[in-house]
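So the structure is just underneath, and the comments pick up after that.
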Amino acid sequence: MTGGSAGIGAAVAETLALRGMSVTIAARNAAVAEQTAARIGRATGTPVAAIPADLSLMTAVGDLAEAFLAANDGLDVLVHSAGGMHPDRVVTGEGVELTWATHVLGRRYLDELLIGSMAGRDAGIVHISGGGAVRKDLDVENLQGERRYSAVGAINTISIANDVLAAEVAARHPGVRSYAYGPGPVRGTGLTAQMRAPVRAAVAVLSRVKGSTIDAAAADVVALATGSLPSGLYQRRLKRIDPTTYVASGSERRAIWDIADRQTSACLA
């Protein structure tokens, strides 16, 4: 459970622990991750492990996968919840724009490293973001805001990319269920914590008028990850969304996959 120390990630982790599942949460802040794991363990009676990891750095993603695999003999559920909005364009220490690195490269690389441990287990992967909410093609010349950057534009880009990658995982690994889930604006997640006050206020109003709650979004994620719904794009209340022609195109998906693969390799070089 990436991004498991707060918000939807923590709620999903607690729900799975209540079911008696062995849960590992990953989060950038080690102290907060340990505190959340301990709290969930006390509340559910099921021990929860915590691994500190910055999902924007591919070296850290590799360390996360190595630590998880050393402690577990397989994986049934992988939920990607780590991420956030950033008012200004920030580049990681590995040279990648922060939103793209966390929401796309980190997720794709962790999928790659862990999917072998999911074989034969009726396993599911949920990418929280997308779900067919943004009905556009990716601008491959501006994936990292190289030409123009805005926080909303970056989120729209990673939303489409998550749809693409979730669909490509399903195509490459038909034995693993793969979902992109878009909960819409969710109250109290902290997604906009780093944004300026007017943006935070606007999102807060929108989440109250048209949005969902952390518990409702978490319930959807758990239903996808542990249920039997077919791979695909889903929005709140598990409404299935048809992919755009772009996302449905195998050649377009492979092109984005290959771009992400090359960028990941460059980070690790």
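Computed from the coordinates by the stated procedures, all read-outs in this text should not be read as laboratory data. Bear in mind that the values here come from a model prediction, so they are computed numbers and not experimental data. Here Cβ is always computed from backbone atoms with ideal geometry, including for glycine, and neighbour counts include all displayed protein chains.
A Stokes-Einstein calculation at 20 °C with viscosity 1.002 mPa s, built on the Kirkwood radius of the stretch 23-76 over Cα pairs, returns a diffusion coefficient of 185 µm²/s. Dividing the summed helix terms, -39500 (n - 2.57) for each DSSP H run of n ≥ 4, by the number of residues in the chain produces a 222 nm estimate of -14500 deg cm²/dmol to the nearest 500.
Computed about the Cα centre, the dipole magnitude for the stretch 158-269 is approximately 420 debye when only Lys and Arg (+1) and Asp and Glu (-1) carry charge, each at its Cβ. The Cα atoms of the stretch 16-118 cover 42, 30, 18 Å along the three principal axes, with the biggest extent listed first. Translational diffusion coefficient of the stretch 219-264 (Stokes-Einstein, Kirkwood radius from Cα pairs, 10 °C, 1.306 mPa s): 127 µm²/s.
Count Lys and Arg as plus one, Asp and Glu as minus one, and take only other residues whose Cβ is under 13 Å from that of ALA154; the net charge is then -1. In a DSSP loop and with at most 12 other Cβ atoms within 10 Å, the trypsin sites (Lys or Arg not before Pro) in the stretch 1-82 are ARG19. The calculated pair-distance distribution of the stretch 71-148 uses every alpha carbon pair, bins of 10 angstrom beginning at 0, and gives 15, 41, 30, 13, 1 percent. P(r) for the chain, please, calculated from all Cα pair distances in 5 Å bins and given in %. Going out from 0 Å in 5 Å bins, the chain shows 1, 6, 14, 18, 21, 19, 13, 6, 2, 0, 0 percent. Peptides 151-159, 50-58 ordered by packing proxy, namely the average of other Cβ atoms within 10 Å per residue, highest first: 50-58, 151-159.
Kindly identify the stretch 134-269 as rounded, prolate or oblate by the Cα gyration tensor criterion: order the square roots of the eigenvalues as a ≥ b ≥ c, call it rounded if a/c is under 1.5, otherwise compare a/b with b/c, prolate if a/b is larger, else oblate. Oblate shape, in that a/c is at least 1.5 and b/c is the bigger or equal ratio.
The relative contact order of the stretch 3-113, computed from alpha carbon pairs under 8 Å that lie at least 6 residues apart in sequence, is 24 percent.
Averaged over residues, the count of other Cβ atoms within 10 Å places the peptides 248-260, 121-133 in the sequence 121-133, 248-260, highest first.
Within the stretch 99-189, list the GluC sites (Glu not before Pro) lying in a DSSP loop whose Cβ has at most 14 other Cβ atoms in a 10 Å radius. Here the GluC sites (Glu not before Pro) that fit, given the DSSP loop and packing criteria, are GLU141, GLU146.
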